[in-house]
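Quick notes on the structure that follows.
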Amino acid sequence: MTRVLAWAARYTTPAPVGAVASAIAFALAQLGKPYQWGATGPDAFDCSGLAMMAYRAAGLTIPRTSQAQWAHGKHIPASQARPGDLVFFAGADGTLTAPGHVGIIIGNGYMIDAPTTGMTIQIQPYTGQPDLAGFTEPAVSGRTCRFSIKMSFSQKTCPGLVRSDMSLRQGGPVSVDAADSHCACR
């Protein structure tokens, strides 16, 4: 089955121009790698390790664990969640007030997720999940910048094959082919 999502939005984010796109590009490049509890890469990640390393790749520091990331970020309503924001769930080892699971929002109700042992990093919907705890903007420098981002995703019948292209008005286009775990800036 081929699924194509097209999305474009203009939004305000508390990160330097390009940082959100860099964090998302890093996370997309990890698609297909295995989940491993406590791992922060480069060969495997857990959910919060992926979020932390994605933002580190963008030059920003956020805490290591999902509970610390939840406490660190600015809490926002679902209606204000944008690509690059974090979405939290109670998960197997947390609660709705101290979430044990986190994903990185990419838009249109989807996130990049390192789900659980035995699974790989993948794109999954976050809407409608009964243990959804809430959303945060990763707290960074406090600077607010505006930019546009456009992403499209397609998934073919081959397991693990996901290709995305991101184009930014500021910062230039980025192409990520997760089948090859390759990220290239053009």
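The values are calculated or read from the model by the stated rules, or taken from the named source; none is laboratory data. For clarity, every value in this text was computed on a predicted model and none was experimentally measured. Positions of Cβ are backbone-derived with ideal geometry, glycine not excepted, and every protein chain shown enters the neighbour counts.
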Query raised in the report: Only one residue in Ile62, Ile24, Ile106 is at negative phi and in a strand (DSSP E or B). Which one?
Result: Ile106
Query raised in the report: All but one of (1) crowded, with 21+ Cβ neighbours inside 10 Å; (2) modelled with pLDDT of 95 or more; (3) touching a Pro at 6+ places or on another chain (Cβ under 6 Å); (4) not polar (S, T, N, Q) hold for Leu31; which doesn't?
Result: (3)
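Take segment 51-94 and flag every residue that is hydrophobic (A, V, I, L, M, F, W, C), under 20 Å from Pro125 (Cα atoms) and either surrounded by 18 or more Cβ atoms within 10 Å (Cβ to Cβ) or under 14 Å from the mean Cα position of the chain (by Cα) (or both). Please lay out each step first, then the result.
Residues of segment 51-94 hydrophobic (A, V, I, L, M, F, W, C): 51-54, 57-58, 60, 62, 68, 70-71, 76, 78, 81, 86-90, 92.
Subsequent filtering for residues that are under 20 Å from Pro125 (Cα atoms) retains 51, 54, 70, 76, 78, 81, 86-90, 92.
Across segment 51-94, the qualifying residues are Ala51, Ala54, Trp70, Ala81, Leu86, Val87, Phe88, Phe89, Ala90.
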Query raised in the report: Mind checking which pairs have a first residue in segment 65-80 that is under 16 Å from Gly107 (Cβ atoms) and a second that is charged (D, E, K, R) and surrounded by 14 or more Cβ atoms within 10 Å (Cβ to Cβ), Cβ under 8 Å, 6 or more apart or different chains?
Result: Ile76/Asp85; Ile76/Glu137
Query raised in the report: Restricting attention to segment 65-87, does a residue exist that is closer than 19 Å to Ala21 by Cα, assigned to a loop (DSSP other than H, G, I, E, B) and basic (Lys, Arg)?
Result: yes
